[in-house]
Amino acid sequence: MNVLEKIGIDSNRVLVFENTYFSLFLYLVCDDGWKEKDFLIFGDRIAKSTLPRLEKYATLLEESEQFMPKPMPKLKHGVLNYFKRKREQHKLFSKYELCIGNAREVNNWTIRTPRVQIEDGTSTRNALVYGDRTRGLLGILTLKEPKKMAKVNKFIMAETVHHPLKQFADKIEVVDFFSLWEKKSLTAKAEILDVLDVDAQQFNSIDANYSILFTQPWSEITKGYSEENKIAGYKKLVEDMGIEEASLVIKPHPREQTDYSRHFAKAIILKPSFPSELMPILNVKVNKVISLNSTAGACFNGFCREVVYARAPSYFKFPKKLADHINNMKI
């Protein structure tokens with residue numbers, strides 16, 4: 001079943017606008033005709049090494065290089081260049097009848113192209129339930145969306161969204177991605193896995209005796225926080241959970257630069273270039289799934305004995321602001 005046809009999309013003038021492996025994977029599973037679409041990859045959460053793999057099968061817009069690692073330059077680095085890029089973005093998007101993917105990140109109110117949002121995890125869900133932040137006059141003057149979700153016509157979600165806001169309730173389409181994946185041919189599956197640089201054979205040695213640690217880019221995104229403290233924190237966490245290193249699988253976050261093989265020599269270190277949610281779809285079952293507050297753990301419900309959110313233990317030595325954010329985040 002082609003989900004796009006189900007929700008009434010029959011055009012090939014579609015721009016796929018993606019910046020996360022999870023959302024990209026869900027889109028590839030949704031659309032049987034993904035090879036006929038144009039892709040614009042943006043941000044810093046998809047590695048540039050993914051681009052040639054995607055380009056083997058579909059049209060990758062050369063503008064992707066310009067939209068990575070930041071889709072737009074900062075205003076303070078040059079006003080003229082900033083508005084020039086906004087105009088170029090408007091011109092590019094106006095060529096298409098639809099934008100699909102992480103479409104709420106278009107963030108340019110001059111663009112009128114209809115949009116379909118593919119779930120990208122917690123941020124989409126929280127916005128559907130708690131609302132989007134509203135930008136003030138400065139944001140509007142710099143051509144940013146007053147509310148990024150307002151122009152999204154449809155939300156394709158992997159699970160039911162409980163208690164969405166009234167303005168979004170009729171726009172949500174829940175899709176059974178497990179079922180969609182199972183119905184795909186071996187060739188179709190292999191092509192999607194190739195785009196994501198996944199060797200399914202790597203999972204054959206992982207069974208219910210193993211536990212998975214989902215790491216996060218704390219030292220990369222937090223000014224003044226060291227990789228040394230991050231590594232020490234994860235080592236202490238694994239020890240406290242009673243997990244032997246030889247029975248540990250580590251799934252790094254795509255934004256991390258840490259080489260975990262240097263610090264956990266006996267563990268299985270997975271590539272960061274695929275969504276964690278893919279593992280249950282490939283029937284990977286484990287003992288424990290551990291993270292501080294990564295939503296990736298939720299996808300293992302029914303495929304593990306326990307999902308553990310450690311939050312922000314003191315031994316990670318996080319700055320107070322970051323620790324408070326982790327501890328207060330709704331998961």
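Tabulated values for the structure
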{"item": "Yes/no for residue 215 being closer than 28 Å to residue 51 by Cβ, among the polar types (S, T, N, Q), crowded, with 20+ Cβ neighbours inside 10 Å and out of contact with any Lys or Arg (no Cβ under 6 Å at 6 or more places or on another chain)", "result": "yes"}
{"item": "Residue 94 small (Gly, Ala, Ser) and either surrounded by 13 or more Cβ atoms within 10 Å (Cβ to Cβ) or modelled with pLDDT under 95 (or both)", "result": "no"}
{"item": "Leading residue by the ranking (surrounded by the most Cβ atoms within 10 Å (Cβ to Cβ)) among those in segment 269-279 that are out of contact with any Asp or Glu (no Cβ under 8 Å at 6 or more places or on another chain) and closer than 17 Å to residue 205 by Cβ", "result": "279"}
{"item": "Of residues in segment 97-117 being of a type in the set (Val, Ile, Thr) and within 12 Å of residue 149 (Cα to Cα), the one surrounded by the most Cβ atoms within 10 Å (Cβ to Cβ)", "result": "116"}
{"item": "Residue among 57, 82 that alone is touching a Pro at 6+ places or on another chain (Cβ under 7 Å) and modelled with pLDDT of 95 or more", "result": "82"}
{"item": "Among the candidates 208, 246, residue that is open to solvent by 50 Å² or more (accessible area, probe 1.4 Å), of a type in the set (A, V, I, L, M) and in contact (Cβ under 8 Å) with a residue 12 or more places away in the chain", "result": "246"}
{"item": "Positions within segment 123-167 being more than 18 Å from residue 330 (Cα to Cα), of a type in the set (D, E, K, R) and open to solvent by 60 Å² or more (accessible area, probe 1.4 Å), in sequence order", "result": "144, 147, 151, 166"}
{"item": "Residue 45 vs. criteria among the basic types (Lys, Arg), within 22 Å of residue 187 (Cα to Cα) and out of contact with any strand residue (DSSP E or B) (no Cβ under 8 Å at 6 or more places or on another chain)", "result": "no"}
{"item": "Residues within segment 7-45 that are under 19 Å from the mean Cα position of the chain (by Cα) and basic (Lys, Arg), tallied", "result": "1"}
{"item": "Residue identified as part of a loop (DSSP other than H, G, I, E, B) and in contact with a Cys (Cβ under 9 Å, 6 or more places away or on another chain) among 156, 111", "result": "111"}
{"item": "Filter result for residue 68 (among the aliphatic types (A, V, I, L, M) and in contact with a strand residue (DSSP E or B) (Cβ under 8 Å, 6 or more places away or on another chain))", "result": "yes"}
{"item": "Counted residues, segment 225-243 - those being loosely packed, with under 13 Cβ neighbours inside 10 Å and under 25 Å from the mean Cα position of the chain (by Cα)", "result": "1"}
{"item": "In segment 294-316, residue surrounded by the most Cβ atoms within 10 Å (Cβ to Cβ) [restricted to those that are without any contact (Cβ under 8 Å) to a residue 60 or more places away in the chain and under 21 Å from residue 236 (Cβ atoms)]", "result": "312"}
{"item": "Residues located in segment 145-173, provided they are out of contact with any Phe, Trp or Tyr (no Cβ under 6 Å at 6 or more places or on another chain), within 16 Å of residue 115 (Cβ to Cβ) and not aliphatic (A, V, I, L, M)", "result": "146, 147, 148, 151, 153, 154, 155, 167, 168, 170, 173"}
{"item": "Which numbered condition residue 266 misses (of (1) open to solvent by 30 Å² or more (accessible area, probe 1.4 Å); (2) farther than 29 Å from residue 49 by Cβ; (3) not small (Gly, Ala, Ser))", "result": "(2)"}
{"item": "Filtered residue count, segment 81-118, keeping only those that are touching a residue at least 60 places away in the same chain (Cβ under 8 Å) and of a type in the set (D, E, K, R)", "result": "3"}
{"item": "Lone qualifier among 67, 39 - being over 26 Å from residue 281 (Cα atoms), without any contact (Cβ under 8 Å) to a residue 40 or more places away in the chain and either of a type in the set (D, E, K, R) or in contact with a helix residue (DSSP H, G or I) (Cβ under 9 Å, 6 or more places away or on another chain) (or both)", "result": "67"}
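The values are calculated or read from the model by the stated rules, or taken from the named source; none is laboratory data. All figures in this text were calculated on a predicted structure; none of them were measured in a lab. We place every Cβ from the backbone using ideal geometry, glycine too, and count neighbours over all the protein chains shown. Ligands, DNA and RNA are stripped out before the accessible areas are found, and what is left, the full protein with its side chains, is counted by its heavy atoms. Shrake-Rupley method; radii C 1.70, N 1.55, O 1.52, S 1.80 Å.
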